[in-house]
Amino acid sequence: LKAAWEWAALLGQVEVYGWRSLDISRNSMGEAGASALAEPLAGLTGLLRLDLGGNLVGPEGSLALSAPLASLSALKILDLSRNSIGEVGATALAGPLAGLTGLQQLDLGGNGITGKADVNLRAALSHIKGLDLWIS
């Protein structure tokens, strides 16, 4: 969790430096860490690539990240794999991710997204042309 709070503080400076790619994967920040990142993440509107894979944010963390992710309109590549978001998290992310029409790669593998949540997520993202999508 400490690392997530440190990343949250740093994210406030990212836009100042014009970063276009951010990899904070494999930190196991959990739900509390995802919540800490939510507000500063929303300000990174020029970000092209974001890797949050392997952070075990869970369903509640997905809820916290859903609105900030929707504000990243320039995003081309997003990795949310291995976060244990499940069906609740997938449902929370479907709408916000559908608005990212420039998205080209989305990795949601290793999240336990099955059944109706899988179908609904694929349907919500189907209008994004050329999207490489991994869900499991």
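The values are calculated or read from the model by the stated rules, or taken from the named source; none is laboratory data. No experiment lies behind these values; they were computed from the predicted model shown. Glycine also receives a Cβ, built like all others from the backbone with ideal geometry; neighbour counts cover every protein chain displayed. Keep in mind that these areas ignore ligands, DNA and RNA; they rest on the heavy atoms of the full protein, side chains included. Shrake-Rupley method; radii C 1.70, N 1.55, O 1.52, S 1.80 Å.
Could you go through the stretch 91-98 and let me know if any residue there is more than 13 Å from the chain's Cα centre (by Cα), over 17 Å from residue 61 (Cα atoms) and open to solvent by less than 80 Å² (accessible area, probe 1.4 Å). Within the stretch 91-98, not a single residue is more than 13 Å from the chain's Cα centre (by Cα), over 17 Å from residue 61 (Cα atoms) and open to solvent by less than 80 Å² (accessible area, probe 1.4 Å).
In the stretch 114-125, is there at least one residue being under 20 Å from residue 20 (Cα atoms) and open to solvent by less than 20 Å² (accessible area, probe 1.4 Å)? No - not one qualifying residue is present in the stretch 114-125. Entry remark, the stretch 24-59: residues being of a type in the set (Gly, Ala, Ser) and under 13 Å from residue 79 (Cβ atoms) number 3 in total.
For the stretch 110-136, the set of residues classified as on the phi > 0 side of the Ramachandran plot and at pLDDT below 90 consists of 130 only. Look through the stretch 99-113, keep the residues that are of a type in the set (Gly, Ala, Ser) and open to solvent by 40 Å² or more (accessible area, probe 1.4 Å), and return whichever of them is farthest from the chain's Cα centre (by Cα). Step by step, filter the stretch 99-113, then rank; the result is 112. Restricting the first member to the stretch 34-54 and to residues that are open to solvent by less than 10 Å² (accessible area, probe 1.4 Å), and the second to residues that are among the polar types (S, T, N, Q), the beta-carbon pairs closer than 6 Å and six or more apart or on different chains are 53/25; 53/81. Given the conditions (1) crowded, with 17+ Cβ neighbours inside 10 Å; (2) under 18 Å from residue 34 (Cα atoms), which single one is not true for residue 88? Here residue 88 meets the rest and fails (1). Scanning the stretch 57-70 turns up no residue that is of a type outside the set (D, E, K, R) and touching a Lys or Arg at 6+ places or on another chain (Cβ under 9 Å).
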